[in-house]
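K.L.:
Before I ask anything, let me first share the structure, which is written out below as structure tokens.
Computed from the coordinates by the stated procedures, all read-outs in this text should not be read as laboratory data. Since the structure is predicted, the reported quantities are computational estimates derived from the model, not experimental observations. As a convention, Cβ positions derive from the backbone with ideal geometry for all residues, glycine included, and neighbour counts pool all protein chains shown.
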Amino acid sequence: MGSRVHVVEGDITDAALVDRLVADADLVVHFAAESHNDNSLTDPWPFVHTNVIGTYTLLEAVRRHGTRFHHVSTDEVYGDLDLDDPVRFTEATAYNPSSPYSSTKGASDLLVRAWVRSFGIAATISNCSNNYGPRQHVEKFIPRQITNVLDGIRPKLYGDGLNVRDWIHVDDHNRAVWTIIERGHVGETYLIGADGEVDNKTVVRDLLELMGRDADDYDHVTDRAGHDRRYAIDPTRLRTELGWAPEYPSFREGLAATIEWYRDNEDWWRPQKDATEAKYAAVQSIVP
Ligand code: TDX
């Protein structure tokens, strides 16, 4: 890969840097975001700064240079569903975000739509469900629990643990983004999901079992403020119009591979672990 990749570390709100990089690009794929709900409850400002001002900065650069743009977003912009709700999110679902994080992602999506309509930029948007897989920060649900178990700490479930997330492997997400870039229609939004709805308690029990531990060996902790109950994506449009399909055979197999990755790559996650758990310990306690 080496010479084919040029890594530049910078801030997406740095308009001069962004302009210089976009001037040389054929395509901008905008994955950059502050992404963790819990962090947005502790301090919303970095979310407004990066997700809103950062997206604005990129949009102005692609407008100046006429560059094709793809905006990566989240299903959380649609708010949440009841556990027994018969519908799932579609491209037509109204925006109704709950957290500082999801509201800033919703705001960034609306900026992209406005820049398409008002300035004619060539952009597509994708809203994806919960990702899992290698190299995910240990603050997120699945890597937090895997690394807890590896450290001999019991997994921590928020509230009653019955909240449902719709899981997709990060490689399937990336393949879907590439499909949209190659075959999607400019100005359109595509929802990405792999029919992977599972409640949090089941995820924790599966992880414990796959790691050779008792499936009941977890704690309930303080619930997240405003905790969304359920997310669920209807990926029909992406599948039928663009012909995408996930390649991971099942969530459980993907989970087993992810556990292996964290077992084999302690060097990657260890430096973040203690500080992340200290941050959680300051706001969460075990609920008997
Ligand atoms: O320790 C935990 N215990 C727990 O029960 C953590 C960290 C989370 N949870 C719950 C909260 C959620 O119901 O697990 C679920 C998943 O939590 P997160 O990994 O924090 O993800 P979520 O809040 O669902 O948001 C994720 O998916 C949509 C990403 O963080 C977002 O960036 C993405 O947009």
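K.L.:
Please state the shape class of the chain: rounded when a/c is under 1.5, otherwise prolate if a/b exceeds b/c and oblate if not, all from the C-alpha gyration tensor.
P.N.:
Prolate, since a/c reaches 1.5 and a/b exceeds b/c.
K.L.:
Please give the calculated 222 nm ellipticity per residue for the chain, where each DSSP H segment of at least 4 residues contributes -39500 (n - 2.57) and the sum is spread over every residue; nearest 500 deg cm²/dmol?
P.N.:
-13000 deg cm²/dmol
K.L.:
Multiplying the sequence separation of residue 3 and residue 227 by 0.36 nm and subtracting their Cα-Cα distance, what value in nm do you get?
P.N.:
Between residue 3 and residue 227, full extension yields an extra 76.3 nm.
K.L.:
Here's a follow-up. If you count, for each residue, the other Cβ atoms within 10 Å and average over each peptide, how do 172-180, 13-21 line up from highest to lowest?
P.N.:
The packing order, highest mean first, is 172-180, 13-21.
K.L.:
Let's test the formula: R0 of 45 Å, r as the Cβ-Cβ distance of residue 263 and residue 117. What FRET efficiency results, to the nearest 0.05?
P.N.:
Rounded to the nearest 0.05, the efficiency is 0.40.
K.L.:
Take a quick pass over segment 15-282 and tell me how many lysine pairs come in under 17 angstrom between Cα atoms, counting only ones 8 or more apart or on separate chains.
P.N.:
7
K.L.:
Once you have the Cα-Cα distance between residue 85 and residue 198, take 0.36 nm times their residue separation minus that, and quote the gain in nm to one decimal.
P.N.:
Working it through step by step, the gained length comes to 39.2 nm.
K.L.:
What's the FRET efficiency of residue 151 with residue 178 using the Cβ-Cβ distance as r and R₀ = 35 Å, to the nearest 0.05?
P.N.:
Computed FRET efficiency for residue 151 and residue 178 comes out at 0.50.
K.L.:
What full-extension length gain, to one decimal in nm, is calculated for residue 250 and residue 65 as 0.36 nm per residue of separation minus the Cα-Cα distance?
P.N.:
Extra length from residue 250 to residue 65 when fully extended: 62.4 nm.
K.L.:
Right, another one. Calculate the length of the line joining the C-alpha centroid of segment 68-115 to that of segment 217-285, in whole Å.
P.N.:
19 Å
K.L.:
What are the membrane-span-like helices in the chain by this rule: whole DSSP H runs, Cα extent along the axis at least 18 Å, mean Kyte-Doolittle hydropathy at least -1.0?
P.N.:
Once both thresholds are applied, what remains is 100-119, 170-183, 251-264.
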